[in-house]
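Here is the structure we will look at, set down as structure tokens.
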2 protein chains.
Amino acid sequence: MTLETSLIDSALRNWRSNVDRAGKLFGNLSQEQLQYEVAPGKNRLIYLWGHLTAFNDALIPLLGLGLRMCPELDLMFVLNPDRTVPAILRGEDLKVIWQETSQILWKGFSTLSVADWLQKHSAVSEEDFLREPHRNRFTVVLGRTVHIAYHVGQAKLWERVQT
Amino acid sequence: MTLETSLIDSALRNWRSNVDRAGKLFGNLSQEQLQYEVAPGKNRLIYLWGHLTAFNDALIPLLGLGLRMCPELDLMFVLNPDRTVPAILRGEDLKVIWQETSQILWKGFSTLSVADWLQKHSAVSEEDFLREPHRNRFTVVLGRTVHIAYHVGQAKLWERVQT
């Protein structure tokens, strides 16, 4: 491994372990458990899982790795707050989408060269990227790893309900 | 910037933005607000802040950047659960330690070369490092960034108390 690929390897291990942690935590909950709020008046677990799934799905085109699987997730779990959209996907659906998007991303990551990782992501213009070259694919994956951990930390609080 | 330093730059920006976010969130709370639990029966905000401060402090020797400022934080905020240690530091003390350890780390980061980042951290043996070369300084900082975000996500829930 070169120095660059070692650095990327560290970041991808970090991504993977957080994706796996989230998948395990939410994937092991029943549809009834997914209705719990992480704290009184706050988001339900099903919403957090849908939210993270929507972000993973949106990462596919953001990194130039293909089309989204389920753009309709955004209306349910990103653009609108919890409990305001009458029909949302169930846990078993999210589990499948989570697994499939994770696989698409993981496969896609392995096709990227070091130079590709440092190229702009699809939501930044050429002009902005000249001024802000840190707005690259690598930065996006680091930020999204943190985003998963942020909500997993909240979701872990559901365990209080059982004590 | 070379490819390697660009990758490191992305990771350090990510670290910095999460340290700043935590410092702002906790640093703006009163001593009274810091007594709130993030969810019923769960850790108080003061404990989470102390916990993150202890981890930042411990990162200094882990990365070979010097001695810890406050090893006594571990007894208060890492080795024992919340509410079991009678005397713990106050928010104003933690704020100072948070700022100082953040500065020590940030300065120390700038002294590390790419090869330094890929060297083992101080808690792994030479022998283990040969087998698991990903247990390097860079991996530690990525993991600690995620650790901050995990607890900041929980701490953000305190806002419910005010609604």
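The values are calculated or read from the model by the stated rules, or taken from the named source; none is laboratory data. Since the structure is predicted, the reported quantities are computational estimates derived from the model, not experimental observations. So basically every Cβ, Gly included, is an ideal-geometry build from the backbone, and we count neighbours across all protein chains shown. Note: accessible area is taken over every heavy atom of the protein model, side chains too, but ligands, DNA and RNA are not part of it. Shrake-Rupley method; radii C 1.70, N 1.55, O 1.52, S 1.80 Å.
Take every Cα pair under 8 Å whose residues are at least 6 apart in sequence, average their separation, divide by the length of chain B, and the relative contact order is 29 percent. The angle separating the long axis of helix B:137-155 from the principal Cα axis of greatest extent in chain B is about 20 degrees.
Atom-type composition of the exposed protein surface of the protein assembly as shown places 54 percent of the accessible area on carbon and sulfur (1.4 angstrom probe). Annotation for B:SER17, label-to-label distances across the other copies: 2.2 nm (shortest first, one decimal, point 7 Å from Cα along Cα→Cβ). When only the Cβ of Lys, Arg, Asp and Glu is charged (+1, +1, -1, -1), the dipole of the range A:1-143 relative to its Cα centre reaches about 300 debye.
Each copy carries a label point for B:PRO86 at 7 Å from Cα toward Cβ; from one copy, the others' points are 6.0 nm away, ordered from shortest. Given +1 at the Cβ of Lys and Arg, -1 at the Cβ of Asp and Glu and no other charges, the dipole of the range B:9-75 around its Cα centre is 200 debye to the nearest 20.
Highest GNM mean-square fluctuation among A:ASP128, A:ASP74, A:ASP116, for chain A modelled with Cα contacts below 10 Å: A:ASP128. With the Cα gyration tensor of the protein assembly as shown giving a ≥ b ≥ c as the square roots of its eigenvalues, does the rule (a/c under 1.5 for rounded; else a/b larger than b/c for prolate; else oblate) give rounded, prolate or oblate? The shape class here is oblate.
In order along the range B:11-17, the Karplus-derived 3J(HN,Hα) couplings, from 6.51 cos²θ - 1.76 cosθ + 1.60 at θ = phi - 60°, round to 5, 6, 4, 5, 4, 4, 5 Hz, and Gly and Pro are given as x.
Each 10 Å bin from 0 upward holds the following percent of the Cα-Cα pairs of the range B:23-67: 26, 41, 23, 10.
Principal semi-axes of the equivalent ellipsoid, √(5λ) from the alpha carbon gyration tensor of the range B:99-159, are 27, 16, 8 Å from largest down. Put a plus charge on the Cβ of each Lys and Arg, a minus charge on the Cβ of each Asp and Glu, and nothing anywhere else: the dipole of the protein assembly as shown about its Cα centre is then about 380 debye. Under 14 Å from a label point set 7 Å out along the Cα-to-Cβ vector of A:TRP106, no amide N atom of the range A:27-63 is found.
For A:LEU75, inter-copy separations between label points set 7 Å beyond Cα along the Cβ vector come to 5.9 nm, shortest first.
Dividing the convex hull volume of the alpha-carbon atoms in chain A by its residue count gives 122 Å³ per residue.
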